[in-house]
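Quick notes on the structure that follows.
No value in this document is a laboratory result; all are computed from the given coordinates. Note that the structure is predicted; figures quoted are calculated from it, not measured. Cβ sites come from the backbone with ideal geometry, for glycine too, and all protein chains shown count toward neighbours.
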Amino acid sequence: MATSVSADCTVGLIGVGLMGGSLGLAARDLAGVRRVIGYSRSPKTIAAALERGAITEAAASLEEAASAADLVFVCTPVRLVVEHVHRAHAAAGPDAVVSDVGSTKAMLMEALTEEEQARCVGGHPLCGSETAGVGNARASLYEGATYFLTPGAHVRPAAFQRLYDFLMQIGARPVAVEPHEHDRVLATVSHLPHVLANVLMIQAGEHTGTRDPLICAGPSFRDMTRVAGSNARVWADIFLENREALLASLAGYRTGLDEMTLALEAADEGRLAALIGRAARQRERLLAAESLSADKLFRIMVKIPDRPGVLQQITVALGDAAINIEDLAMHHMSAELGGELTVYVLGAEVCERAATLLSGFGYQVTTGRGVA
């Protein structure tokens, strides 16, 4: 299964707020990493990170943190990620892997050169909190969380696997996805809900009637507006970075509102019930989390050529087909013979779908049950 990250591995954190601080705690508590170097422009943040144990030592610069690390995570605001990944790559050693935790991925991946793509892999964990700062960091933040990875066409398999294995060790569930598709999905399931939460809160809070709606707001309103007012600088940056995808998602939402409006204007009970029924069916899909146990683990062995883009094509294709990779392992034989990628999935049906999908790309695929 996953290769354990050595305790001698050094993790570098560029930014040690909630996300970076939690990565540091997870690296130490769950992956057994002994050395975590952190950099922040804020001396107060660094002091708090050292006190919490999120880092074991402080760096005086981004370059100092990156140069000493085997795994570098850029955990700064999205408007700074591209610049910081470039700088981290330039400073890091030739075998170091650089990633980030930003909410948008297309802009970063388009900015990377082929050389940078070899060991810079975009990342976005779907976890967090309404509270920010290293004081709220916790080692368990990433446990069970989907962690999107956006490998470029020129990614080194060994670099991808090192990052993948580390994320598995801290309890995350890494899923590869194409960068633009990532941004479109996140516009719908993350960025749009933040927009709506803010609009709902403003509408209720600025109501001009005689009774303040916020005084009598029920659980449904509280649930829907939980993220309203989140860090304005951070979310304004995210909205603008993902502007095109968010505008498209807002247009789709407007179409849904128009449908509901027309049904209400016509007092069409059947149409309203049908819309609610459609929502109910999608809600059921959301809640139908797969609960297969480890004894349902299947493996897919894929013969792969030694050429750029193969790993990206396979992992992204599986992610786009909603096939979760529970684990993976790669064995490289030679430039002429290529190697073998082994992917582990849960369930016979998922295994069959994955094998059919990859065979359709022309790969030689064999399957088996359990761990090889």
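Details
- 3J(HN,Hα) couplings calculated from phi for the range 52-67 with the Karplus curve 6.51 cos²θ - 1.76 cosθ + 1.60 (θ = phi - 60°) are, in sequence order, 6, x, 5, 10, 9, 7, 9, 9, 7, 8, 4, 4, 5, 5, 6, 5 Hz; Gly and Pro show x.
- Selection from Phe221, Gly347, Thr113, by position along the positive dipole direction of the chain (Cβ): Phe221
- Fraction of beta bridges assigned by DSSP in the range 10-177 that are antiparallel (%, nearest 5): 15
- The range 10-177, relative contact order in percent, only Cα pairs under 8 angstrom and at least six apart counted: 24
- The chain: most fluctuating residue of Ala58, Ala132, Ala68 per GNM, C-alpha cutoff 10 Å: Ala132
- Note on His180 and Thr261: with the Förster distance fixed at 35 Å, the Cβ-Cβ geometry gives a FRET efficiency of about 0.65.
- The simple spin-label model puts a point 7 Å past each Cα toward its Cβ; for Ala47 and Arg211 those points are separated by 5.0 nm.
- Along its first, second and third principal axes, ordered by size, the chain spans 72, 53, 37 Å in Cα coordinates.
- Cα-Cα separations in the range 1-80 greater than 21 Å, expressed as whole percent: 18
- In order along the range 13-22, the Karplus-derived 3J(HN,Hα) couplings, from 6.51 cos²θ - 1.76 cosθ + 1.60 at θ = phi - 60°, round to 10, 9, x, 10, x, 4, 6, x, x, 5 Hz, and Gly and Pro are given as x.
- Burial ranking of peptide ranges 348-356, 25-33 (average Cβ count within 10 Å, highest at the top): 25-33, 348-356
- Value of Rg to Rh for the range 294-369, rounded to two decimals, is 0.95; Kirkwood radius and Rg both from alpha-carbon coordinates.
- Sorted by Cβ neighbour density within 10 Å, fewest at the top, the residues Met330, Met260: Met260, Met330
- Residues Arg278 and Leu247, FRET efficiency given R0 of 30 Å [Cβ-Cβ distance, rounded to 0.05]: 0.80
- Packing rank of 153-161, 227-235, where each peptide gets the mean count of other beta carbons within 10 Å, highest leading: 153-161, 227-235
- Simple Cβ-charge dipole of the chain, Lys/Arg +1 and Asp/Glu -1, about Cα centre, in debye nearest 20: 560
- Taking the convex hull of Cα positions in the range 77-177, its mean projected area over all directions (nm²): 6.5
- A P(r) calculated from all alpha carbon pairs of the range 15-152, with 10 Å bins opening at zero, reads 13, 46, 36, 5 percent.
- Counting DSSP beta bridges with both ends in the chain, the antiparallel % (nearest 5): 55
- Ordered by the count of other Cβ atoms within 10 Å of each Cβ, fewest first, Asp8, Asp237 give Asp8, Asp237.
- Candidates Asp100, Asp306, Asp70: whichever shows maximal mean-square fluctuation once the chain is modelled as a Gaussian network with Cα springs under 10 Å: Asp306
- Multiplying the residue separation of Asp306 and Gln203 by 0.36 nm and subtracting their alpha-carbon distance yields 31.4 nm.
- Note that the range 190-201 has calculated 3J(HN,Hα) couplings of 10, 6, 4, x, 5, 4, 5, 4, 5, 5, 4, 5 Hz, one per residue in order, obtained from phi through the Karplus relation 6.51 cos²θ - 1.76 cosθ + 1.60 (θ = phi - 60°); glycine and proline are x.
- Highest-fluctuation residue, Tyr142, Tyr253, Tyr344 considered, GNM on the chain with Cα pairs under 10 Å: Tyr253
- With a Förster radius of 30 Å applied to the beta-carbon distance between Ala348 and Asp29, the computed FRET efficiency rounds to 0.25.
- Database remark: amide H of Val72 closer than 5 angstrom to the amide H of Gly12, Val97, Val98, Ser99 (H placed geometrically; neighbours at sequence offset of 5 or more, or on other chains; Pro and chain starts carry no H).
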